[in-house]
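Remarks on the structure that follows.
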Amino acid sequence: MEEESGEELGLDRSTPKDFHFYHMDLYDSEDRLHLFPEENTRMRKVVQAEMANESRGAGDGKAQRDLQEEVDELVHLYGLEDDHELGDEFVDENIPRTGVSEYPPYMMKRRDPAREQRDWRLSGEAAEAEDLGFGGWGSAGQCQDLREAYRYTHGRASEEYECYVIPEEEDEEEAADVFCVTCKTPIRAFQKVFDEHKEHEVIPLNEALESAKDEIHKNMYKLEKQIIEMENFANHLEEVFITVEDAVAMADRLGKFLKTKTDVEISAQPEFEDQTLDFSDVEQLMGSINTIPAPSAPVINPQVPNSATGSSVRVCWSLYSDDTVESYQLSYRPVQDSSPGTDQAEFTVTVKETYCSVTNLVPNTQYEFWVTAHNRAGPSPSSERAVYMTAPSPPIIKTKEIRSCEEAVLICWESGNLNPVDSYTVELTQAESPEASGVTESVVGIPTCESVVQLQPGRSYIIYVRALNMGGPSVRSEPATVHTIGSYFRLNKDTCHPWLTISEDGLTAVRSERRTPARELSPSDTHFTRCVAVMGNLIPVRGHHYWEVEVDEHLDYRVGVAFADVRKQEDLGANCLSWCMRHTFASSRHKYEFLHNRTTPDIRITVPPKKIGILLDYEHSKLSFFNVDLSQHLYTFSCQLHEFVHPCFSLEKPGCLKVHNGISMPKHVTFY
Amino acid sequence: MALKQISSNKCFGGLQKVFEHDSVELNCKMKFAVYLPPKAETGKCPALYWLSGLTCTEQNFISKSGYHQSASEHGLVVIAPDTSPRGCNIKGEDESWDFGTGAGFYVDATEDPWKTNYRMYSYVTEELPQLINANFPVDPQRMSIFGHSMGGHGALICALKNPGKYKSVSAFAPICNPVLCPWGKKAFSGYLGTDQSKWKAYDATHLVKSYPGSQLDILIDQGKDDQFLLDGQLLPDNFIAACTEKKIPVVFRLQEASIRKL
């Protein structure tokens, strides 16, 4: 039919084989009752609508849309869309939600009883138009047709039930004889003559029956075919829907499937065919299937900072697999200048844990460590080599060389280690209450073997020093005690004139009667050469310093201060780099001078001091001398102290003088 | 006794005042200068007595010396009395500049017509301190004395005759040995008569020889080029020698310049 072909043309996609159009040819045109004119026009409209409406079903492409169009056509074709109730009842997840009109494949629709009855009651054209249009295909229409057919033949249908009621024997008495084609109802012969049927065509009843039977059979056949084809259609539709919806998921699996595809066919080269196969590997593998493999190499950890002592380190490692391990073997040797990583281990330790504290090591030394894991199958490969370092030995404070004043201390020490360390730490606590745990102050990161530490005046401190390297800190050194009362210094033997002897405690200078032969001294020497003098090592901290010198009344001496680079070939006070008080005793007379740059004021002192107090005040640029016993001020220099100065002492005749340290400034001194 | 303020001037944060009063010892009106440092506003301060030399009044020191800054910094109350009684109308008191008016020599005269008024020693060591202690914020335990020339002599003898009374004594170009110098001989013979034993009681050098030895701290500055030194009026060496022998601590500074004429 033209209509169908029209619609065929409209659908231009490749059709699956089974998916063919359900043509109107299903029904022979001759058989076709004039019930389709409406459908035809309707369908034409549908097709046009579908053609026009190409925006529908976006996303899935033309196939989807075409499918949908076809479905719609069929819907329209069979009048499915008339029955809106059909759509409500239908639930099928497989249908893609693109606006395809739903259709019920096989549903036995329960029709409105009223309508049923109405249908049944209909006669004539009304009934025709309604029912014979094959409006509801499948069940409803089918039933209806059969009912119709049956009605033609004989009997009444039940008014209440959808069933056929076979007329009973007693009805035969009133059975009809002939069939009125026009009215399509069996009538009695005599009824022909009545007005109702006068003009109507009449045929014998058995003929009508036969033709009705034929009709029924034909229709049934067609309907059965329809059913089958619709079933097929529905199947295909379902398949398509499934395929479309699962396309993405299927693609994954398909992709995987494609990837894992292996070559099944390996063509063997002819020459390989002769080769004898070695099965030992296979045997080994076969054997190892039943036994565990040797472990994989452990990973040795870098040294945890501050975890070492002077004689031990704690080595740790890890195993990053599930291998069975029965024990670990840790090997090590001291790091030497020869190429690392190739030499044999000097020591080996076997442990069960993944750590080991290795003892009996040398302080401040680097050791190379590596570890292997062992089980029944054998050893693992060796781990990387890690370098661990022992902590250093403690330093040794040079207690004799400690210098201090009221506000600071200068400590120096010996490293205590042959090799260099990274830095030193000075720790100090106040000594007042040694039992109580006081605050420990630490000065860290000291690069050299000396340090100046700020302190509070009038206290006592205990000081320790530690050495530090990669492995951690050493233990504390032996302590040293510092008192921040007055200033502490020692006479520097490196400066003293050869005729002077300095005592062990560094506080007494003695000039003996006997003149020791002067040794050869170069000009750059640090020793005094002309003045029989010695310099003290005062802490290089500004502020004020006070010390006392004990002298003999009849002693010729000079006491004072000088810059560190004062010319040692000259007398104290003879240049501008030194200041001193000079006493000479001659002819029973005491003579006192206060010398700087060779000049002195004219000063008479009636009572010769036995103990001289010397106040060095950087802040006020003053150097004062006192008679300690009398609390008498003797003299004050005003001196420009642009650099640090050191106490100086000189003996111009045999005798001795003694330095007293650690004395806090007497009150009378403070006035100056 | 009532003090009459004559003047008051702000100076280095403190106050320089001059008072007048009726002196009991001297039987006349006497003026004296007092410097009150800023610290005196809040507490008692040490007292430093200054004795001027020949021809001076209470004004010389406060005008010429420039001591105020130091006094202010150190918180010292400085008292400067006159050098002799004034307006007594004694015959001959104005005849010479080195005897009588302005030349009291810090002695208590025993001879007429001087003995009624010329009692500077008692005035300086007794009456004036009592007056100061009662009327000004001074610490009675902390007192020192210094002076120049005749005043230096006065400071020395006051300290030596009163062991422990003064914490320190300093002198600028003092007359150290008056019994041996022309000034001293003239003054002592006029005020004390001819008995030289009475003179020694007011001679520092002699007093040192019999000093009982209480702690003393003496500082003497002397200008090298001082004419009076060269004229033998001052005689510090005698004093030093005596102190050396007696082990009285003295620091004697012979300065380059001359400290003369205050």
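Just so you know, all these numbers are worked out from the coordinates, no wet-lab data involved. Computed from a prediction, not measured in an experiment: that's the story for all the values here. All Cβ positions, even for glycine, are placed from backbone atoms using ideal geometry, and neighbour counts span all protein chains on display.
First select every other residue whose beta carbon is under 14 angstrom from the beta carbon of B:Glu25; then total the charges, Lys and Arg +1, Asp and Glu -1. Value of the local net charge: -1. What you get for the stretch A:416-483, charging only the Cβ of Lys and Arg (+1) and of Asp and Glu (-1), is a dipole of about 60 debye around the Cα centre.
Can you give the FRET efficiency to the nearest 0.05 for A:Lys352 and A:Asn306, using r as the Cβ-Cβ distance and R₀ = 25 Å?
Numbers: r = 26 Å, r/R0 = 1.05.
After rounding, the FRET efficiency stands at 0.45.
Regarding the stretch A:466-586, what is the average projected area of its C-alpha convex hull, in nm²? Please list the in-between numbers first.
On the way: hull surface 46.3 nm².
Approximately 11.6 nm², given one-decimal rounding.
For the peptides B:34-46, B:10-22, residues were scored by their other Cβ atoms within 10 Å and the scores averaged per peptide; the highest-first order is B:34-46, B:10-22.
Considering only C-alpha atoms, what is the centroid distance from the stretch A:291-305 to the stretch A:361-407, in Å? The stretch A:291-305 and the stretch A:361-407 have Cα centres separated by 21 Å.
Projected label points at A:Lys398 and A:Asp565, each 7 Å from Cα along the beta carbon direction, are separated by 2.2 nanometres.
Relative contact order for chain B: what is it in percent, counting Cα pairs under 8 Å that are at least 6 residues apart?
On the way: 593 pairs, mean separation 42.5, N = 262.
Reported as a whole number, the value is 16 percent.
With a/c under 1.5 counting as rounded, go ahead and sort the stretch B:100-188 into rounded, prolate or oblate using the C-alpha gyration tensor (a ≥ b ≥ c being the square roots of the eigenvalues; past the cut-off, prolate if a/b is larger than b/c, else oblate).
Details: a/c = 2.38, a/b = 1.38, b/c = 1.72.
Because a/c hits 1.5 or more and a/b fails to exceed b/c, the stretch B:100-188 counts as oblate.
The mean count of C-beta atoms from other chains within 10 Å of the C-beta of residues in A:601-613, rounded to a whole number, is 5. Pairs spanning more than 26 Å between alpha-carbon atoms, out of B:Lys64/B:Lys224; B:Lys64/B:Lys209; A:Lys611/B:Lys224; A:Lys591/B:Lys200: B:Lys64/B:Lys209; A:Lys611/B:Lys224; A:Lys591/B:Lys200. Cut-off under 29 Å on the C-alpha distance; same-chain residues fewer than 8 positions from A:Lys198 excluded. Which lysines are left, in chain and number order? By straight Cα distance, A:Lys198 reaches A:Lys184, A:Lys213. Here the stretch B:149-262 is assigned +1 on the Cβ of each Lys and Arg and -1 on the Cβ of each Asp and Glu. Its dipole about the Cα centre then comes out at about 360 debye. Here the simple spin-label model places points 7 Å from the Cα toward Cβ, and for B:Ser122 and A:Glu414 these points are separated by 8.0 nm.
Using the Cα centre as the reference, give the magnitude of the dipole from point charges on the C-beta atoms of the stretch B:4-255 (Lys, Arg: +1; Asp, Glu: -1; all else neutral), rounded to the nearest 20 debye.
Here the stretch B:4-255 has a charge dipole of around 520 debye.
Peptides A:321-334, B:169-182, B:123-136 ordered by packing proxy, namely the average of other Cβ atoms within 10 Å per residue, highest first: B:169-182, B:123-136, A:321-334. In terms of the mean number of neighbouring beta-carbon atoms within 10 Å, the peptides B:64-77, A:366-379 order highest first as A:366-379, B:64-77.
Would you kindly calculate the translational diffusion coefficient of the stretch B:4-255, applying Stokes-Einstein with the Kirkwood radius from alpha carbon pairs, for 10 °C and a viscosity of 1.306 mPa s, and quote it in µm² s⁻¹ without decimals?
Numbers: Rh = 18.2 Å.
Answer from the Stokes-Einstein relation: 87 µm²/s.
Partner shielding of B:219-225 amounts to 1, given as the average count of beta-carbon atoms from other chains within 10 Å of each residue beta-carbon.
Between A:Arg589 and A:Lys213, the distance separating the two model label sites (each 7 Å from Cα on the Cα→Cβ line) works out to 18.3 nm.
Can you give the mean number of other chain Cβ atoms that lie within 10 Å of the Cβ atoms in peptide B:167-178? It would help to have the intermediate numbers written out before the result.
Values: counts 0, 1, 0, 0, 0, 0, 0, 0, 0, 0, 0, 0.
Per residue, the average neighbour count from other chains is 0.
Output the pairs from A:Lys610/B:Lys186; A:Lys568/A:Lys622; B:Lys44/B:Lys185 with a Cα-Cα distance over 31 Å in this structure; if there are none, say none.
Working: A:Lys610/B:Lys186 42 Å; A:Lys568/A:Lys622 23 Å; B:Lys44/B:Lys185 41 Å.
Cα-Cα > 31 Å for A:Lys610/B:Lys186; B:Lys44/B:Lys185; rest within.
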